[in-house]
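Below is one structure, written out as structure tokens, with a few remarks after it.
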Amino acid sequence: MRNTAIIGCGQTPHRARRRDVSVAELVSEAVSAALEDAGITMKDVDCIFSGNMQGFGGIAQPDLWLGDWIGAPGKPAIRIATGGTTGGSVAHGALYAVASGMYDIALAVAWEKHSDSKEAGATTGLAHVGMGNLFHALSYGLSLKNLIATTAVGAAAGVAVYQARFYMHRSGATIEHLDMVAAKDRRNAAKNPYAHLRWPNCQPEDIAKTEMIAYPFRYGHVCPASDGASCIVVAEEKLAKKLCKKPAWLLGLASYSDEENQLQSENYGGVGVLDPSEQMGCRVSAKKAYAMAGITDPQKEIDLAEIYQPFPSQELIFAERLGLFDDGTAWRYLEKGETDINGSMPTDLSGGVNATNAIGSSALQRVLECALQIMGKAGEHQAAKPVHKAIAHGWGGVTNYITVTILGDSPR
Amino acid sequence: MAKRVAIIGYAQSQHQYDVQKTREDLVFDVVRDAMKNAGILREDIGTVVTASTDFLDGRTISNVFLSMAVGAYLKDESKVEEDGTNALYYAMMKLVSGAYDVALVEAHTVGWQFNPHQVWALTTDPLVERQIGVVNDVSASALQARMYMQKYGVSEKDLAQIAVKSLQDASKNPNAQRKLPKVNVNQVLGSKKFCEPFTELMISPISDGCAVVILASEDKAKKLCEKPVWIQGIATYQDDYLRDRDLLSLTSLKKAAKKAYQMAKIKNPLRELGVAEVTARFAHEELMIYEALGLCKPGEGKNLISKGITKRNGKLPVNPSGGALAADPVCATGLVRVIEAVKQIKGEANGYQVPKVKRALAHGQWGICAQKNTVIILGGGK
């Protein structure tokens with residue numbers, strides 16, 4: 001694998017409704033920003049990887065028509081859509097395209113414009129996940145118990161509730177820890193001009209006052225549905241060194257999937273994953289990416305993490321599964337403030353998905369934010385400590401898809 | 001390119017309408033066949049890339065249940081949308097990068113679940129064409145066909161001839177769906193009228209199908225396979241959106257062909273290729289594809305048909321499998337073309353084998369009026 005780096009990052013401000021732009025204009029906003037940041041034009045780009053959640057904007061393969069807004073005609077353009085991990089998968093596409101030597105400069109762009117759907121895109125879109133699961137089960141035969149269990153799952157939030165309960169039971173974390181994570185993320189987001197839910201000086205008590213949605217999640221725990229897009233420019237070693245003062249080098253990447261855990265598990269009397277907080281796919285992905293990056297002790301070698309955490313419990317779970325903390329201990333470090341901006345393992349300094357969720361773009365934003373931290377361009381939310389190696393995480397599917405990307409300040 | 005990549009195994013389903021299996025079962029059976037064909041186990045596979053779209057699959061994140069069926073459980077995996085040839089391209093990148101040695105590429109569409117023509121309509125600009133409500137793949141292609149026919153003096157009979165060639169050839173292909181060994185021009189012209197000038201038999205049928213290809217990097221391919229088929233050239237390009245494009249020219253296909261030929265060092269495709277398997281969803285597209293691939297000059301595509309040059313026993317047989325007019329499992333169609341090309345090179349196309357095929361071309365497309373095109377040049381030998 002040849003040396004590859006991220007040399008430009010661009011994103012749009014994330015808001016509940018971007019009525020001033022169409023989805024095509026939104027996407028081109030991010031692309032233009034990334035090209036400007038990299039100091040290149042579309043002419044220099046060899047290929048494009050793009051993606052968003054299908055169905056959320058009500059357009060099939062929107063890249064076909066909005067390609068004209070981002071200069072795709074006349075270029076290789078591949079669309080990737082893997083659900084929540086879409087952004088991470090799109091980033092991997094561009095990274096592999098360059099790392100393979102087949103292209104020198106690649107662009108990865110991902111977006112979501114939830115407000116284009118009549119109902120919240122995530123509601124209708126994810127209802128299809130639930131419905132799909134239902135029909136899947138019906139085709140195999142379904143008992144009443146399983147039918148109720150399926151329909152009660154309620155898409156992402158439903159899965160995350162079960163996951164959080166499993167985690168809390170096993171680790172000893174409490175709902176107060178979830179308040180702390182959410183408050184930290186909202187506080188961090190206040191320092192990130194592109195974030196959606198920005199709440200300066202948000203305290204756990206403020207989150208604790210919000211309404212209970214489904215135990216253990218309060219309203220203040222749940223991510224928003226955002227409009228926004230993000231884009232990175234990836235280049236091979238020579239060009240990266242020429243074009244960029246401090247590129248963010250690719251050290252390792254992997255996306256190992258797990259078995260989906262809704263139906264073939266206990267509900268279905270099957271042999272699938274019983275504990276959605278176990279996350280074997282994440283453990284394996286991290287292991288492979290660390291091996292590629294030559295990292296043997298992530299707890300010491302990783303300086304910063306951007307974790308995909310639409311719900312606060314997931315920041316704790318995935319920090320552990322990525323090997324940043326021992327299993328069941330993440331909340332102890334949280335209590336000590338180690339995941340804060342001036343801590344030893346700053347986590348989601350951008351506010352993360354908990355503060356901003358333009359679903360297709362969310363996992364790409366994690367990669368982008370890690371790159372910004374390494375480049376020293378994060379501005380107000382730049383980590384207090386120097387960032388040499390950072391890990392970006394994406395999560396999707398029925399808690400079974402994972403993308404892990406490790407970036408560093410020097411090449412492999 | 002630093003590293004070479006070969007195809008070491010393949011399998012496809014019996015393409016049909018109204019398949020009596022779940023999508024997962026359909027895919028699982030083909031994946032198992034492909035591994036058997038390559039003589040490998042799930043443990044040998046490093047990465048898996050699938051191709052399908054949520055709209056055609058009728059659900060969000062449609063690859064969720066596919067992980068187990070394609071054997072991607074606890075493996076590196078991703079899903080490319082659109083045509084299977086794009087998934088192949090992405091898998092190839094992963095292999096060439098050196099991250100993995102063996103990749104499994106899967107593409108499928110179960111057409112009866114969700115009408116593909118409806119999905120094509122949903123790919124149009126939601127602010128303009130979608131509002132007009134009459135633009136879909138059939139109507140847009142009909143306009144394109146009319147433009148082409150008027151400019152180059154092509155008649156409905158010429159289009160029917162293409163359908164006759166494809167559907168007769170398909171009768172020898174065990175995997176094809178629409179097999180009509182005795183079909184003639186009048187029958188094609190007399191079939192149900194869809195959209196002037198298209199009749200039913202000039203349009204690809206709605207199919208349920210799945211295709212799987214197993215790729216390996218050079219060292220691994222030589223170890224695992226006696227007769228690997230090498231990817232000698234590959235290129236993909238996107239064109240302008242429907243409304244801003246000159247529909248008379250498949251510009252992105254021309255570009256893709258040029259680059260793929262360059263990579264494979266092909267100067268005269270008509271002479272150097274043994275077989276071409278192209279994705280023509282409408283009869284007129286086959287003529288336009290001939291021209292974009294450089295098999296003839298613009299407007300001379302019909303001569304290739306009338307002179308029998310692209311017949312199964314012609315100078316350069318095109319679609320001896322019957323092509324997309326005989327079976328069109330949308331996302332899998334491009335990958336089926338790859339498989340058919342591989343079969344011809346390996347001499348495994350029982351019943352419709354073209355003699356002495358050393359090199360073959362496979363073509364995949366996506367978008368209304370073939371907005372995106374991928375060309376792959378395959379070759380046998382060492």
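For the range B:197-221: of the residues being within 19 Å of B:Glu348 (Cβ to Cβ) and more than 14 Å from every other protein chain (Cβ to nearest Cβ), which is surrounded by the most Cβ atoms within 10 Å (Cβ to Cβ)?
So the residue we want is B:Cys210.
Of all residues in the range A:384-412, those satisfying the criterion of being in a loop (DSSP other than H, G, I, E, B) and basic (Lys, Arg) are A:Lys385, A:Arg412.
Could you count how many residues in the range B:57-95 are under 23 Å from the mean Cα position of the chain (by Cα), surrounded by fewer than 24 Cβ atoms within 10 Å (Cβ to Cβ) and hydrophobic (A, V, I, L, M, F, W, C)? Residues in the range B:57-95 being under 23 Å from the mean Cα position of the chain (by Cα), surrounded by fewer than 24 Cβ atoms within 10 Å (Cβ to Cβ) and hydrophobic (A, V, I, L, M, F, W, C): 0 in total. Is it the case that B:Asp137 is more than 9 Å from chain A (Cβ to nearest Cβ), closer than 30 Å to A:Ser22 by Cα, touching a strand residue (DSSP E or B) at 6+ places or on another chain (Cβ under 6 Å) and among the acidic types (Asp, Glu)? So B:Asp137 fails the test. Do we find that B:Tyr290 is touching a Lys or Arg at 6+ places or on another chain (Cβ under 7 Å) and surrounded by 24 or more Cβ atoms within 10 Å (Cβ to Cβ) in this structure? Considered against the rule, which asks whether it is touching a Lys or Arg at 6+ places or on another chain (Cβ under 7 Å) and surrounded by 24 or more Cβ atoms within 10 Å (Cβ to Cβ), B:Tyr290 comes out as no. Could you say whether any residue in the range B:246-260 is at pLDDT below 95, more than 17 Å from the chain's Cα centre (by Cα) and of a type in the set (Ser, Thr, Tyr)? Within the range B:246-260, one or more residues are at pLDDT below 95, more than 17 Å from the chain's Cα centre (by Cα) and of a type in the set (Ser, Thr, Tyr).
The single condition from (1) in contact (Cβ under 8 Å) with a residue 60 or more places away in the chain; (2) within 8 Å of another protein chain (Cβ to nearest Cβ); (3) of a type in the set (D, E, K, R) that B:Arg23 fails is (2). Scanning the range A:10-49 for residues that are part of a strand (DSSP E or B) and either out of contact with any Cys (no Cβ under 9 Å at 6 or more places or on another chain) or closer than 23 Å to A:Gly74 by Cα (or both) returns A:Gly10, A:Arg15, A:Cys47, A:Ile48, A:Phe49. Among the residues of the range A:73-117, those that are assigned to a strand (DSSP E or B), aliphatic (A, V, I, L, M) and either at the interface with chain B (Cβ under 8 Å from one of its Cβ atoms) or free of Cβ contacts under 8 Å to residues at least 40 places away in the same chain (or both) comprise A:Ala77, A:Ile78, A:Ile80. Pairing residues of the range A:161-176 that are part of a helix (DSSP H, G or I) with residues that are charged (D, E, K, R), at Cβ distances under 7 Å and at least 6 apart in sequence or on separate chains, gives A:Phe166/A:Asp275. In the range B:333-382, of all residues being of a type in the set (A, V, I, L, M) and part of a helix (DSSP H, G or I), the one that is farthest from the other protein chains (Cβ to nearest Cβ) corresponds to B:Ile345. Among the aliphatic types (A, V, I, L, M), within 12 Å of chain A (Cβ to nearest Cβ), in contact with a strand residue (DSSP E or B) (Cβ under 7 Å, 6 or more places away or on another chain) and within 18 Å of A:His92 (Cβ to Cβ) - does that describe any residue in the range B:26-49? Scanning the range B:26-49 turns up at least one residue that is among the aliphatic types (A, V, I, L, M), within 12 Å of chain A (Cβ to nearest Cβ), in contact with a strand residue (DSSP E or B) (Cβ under 7 Å, 6 or more places away or on another chain) and within 18 Å of A:His92 (Cβ to Cβ). Among the residues of the range A:231-259, write down those that are of a type in the set (Lys, Arg) and either assigned to a helix (DSSP H, G or I) or at positive phi (or both). Once the filter is applied, which keeps residues that are of a type in the set (Lys, Arg) and either assigned to a helix (DSSP H, G or I) or at positive phi (or both), the range A:231-259 yields A:Lys238, A:Lys241, A:Lys242. The conditions of being under 21 Å from B:Gly364 (Cβ atoms) and either at pLDDT 95 or above or hydroxyl-bearing (Ser, Thr, Tyr) (or both) are met by B:Thr53. Among residues of the range A:12-40 that are over 26 Å from B:Thr123 (Cα atoms), those with a beta-carbon under 7 Å from a residue that is of a type in the set (S, T, N, Q) and surrounded by 21 or more Cβ atoms within 10 Å (Cβ to Cβ) at least six positions away or on a different chain give the pairs A:Ala33/A:Gln11. Cβ separations smaller than 6 Å between residues 6+ apart or across chains give the following pairs from the range A:364-391 residues that are surrounded by fewer than 21 Cβ atoms within 10 Å (Cβ to Cβ) to residues that are of a type in the set (Asp, Glu): A:His388/A:Asp303; A:His388/A:Asp409. With respect to (1) under 25 Å from B:Ala283 (Cβ atoms); (2) buried (at least 24 other Cβ atoms within 10 Å of the Cβ), the lone exception for B:Arg245 is condition (2).
Take the residues in the range A:295-353 that are buried (at least 24 other Cβ atoms within 10 Å of the Cβ) and among the charged types (D, E, K, R), then tell me which one is farthest from the chain's Cα centre (by Cα). For the range A:295-353, the residue satisfying everything is A:Arg321. Might you let me know whether the range B:88-95 holds any residue that is modelled with pLDDT of 95 or more, among the small types (Gly, Ala, Ser) and closer than 22 Å to A:Ser89 by Cα? Looking through the range B:88-95, at least one residue is modelled with pLDDT of 95 or more, among the small types (Gly, Ala, Ser) and closer than 22 Å to A:Ser89 by Cα. Can you find a residue in the range B:118-127 that is surrounded by fewer than 20 Cβ atoms within 10 Å (Cβ to Cβ), under 28 Å from B:Val183 (Cβ atoms) and of a type outside the set (Asp, Glu)? So far as the range B:118-127 goes, yes, one or more of its residues are surrounded by fewer than 20 Cβ atoms within 10 Å (Cβ to Cβ), under 28 Å from B:Val183 (Cβ atoms) and of a type outside the set (Asp, Glu). Kindly indicate the residue of the range B:238-270 that is among the aliphatic types (A, V, I, L, M), more than 14 Å from chain A (Cβ to nearest Cβ) and assigned to a helix (DSSP H, G or I) and also nearest to A:Trp69 (Cα to Cα) among those meeting that condition. Among them, the one singled out is B:Ala264.
To keep it simple, each residue is scored yes or no on (1) at pLDDT 95 or above; (2) among the hydrophobic types (A, V, I, L, M, F, W, C).
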residue	(1), (2)
B:Tyr73	no, no
B:Glu81	no, no
B:Ala103	yes, yes
B:Gly111	no, no
B:Thr123	no, no
B:Glu129	no, no
B:Tyr152	yes, no
B:Ser155	yes, no
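In the range A:185-216, the qualifying residues are those that are outside any loop (DSSP other than H, G, I, E, B) and touching a strand residue (DSSP E or B) at 6+ places or on another chain (Cβ under 8 Å), and the one that is nearest to A:Gly10 (Cα to Cα) is A:Ile207. Flag: A:Asp206 does not match the condition of being over 30 Å from A:Met375 (Cβ atoms), buried (at least 19 other Cβ atoms within 10 Å of the Cβ), of a type in the set (D, E, K, R) and modelled with pLDDT of 95 or more.
The values are calculated or read from the model by the stated rules, or taken from the named source; none is laboratory data. Computed from a prediction, not measured in an experiment: that's the story for all the values here. For neighbour counting, all protein chains shown are included, and Cβ atoms are generated from backbone atoms with ideal geometry for every residue, glycine included.
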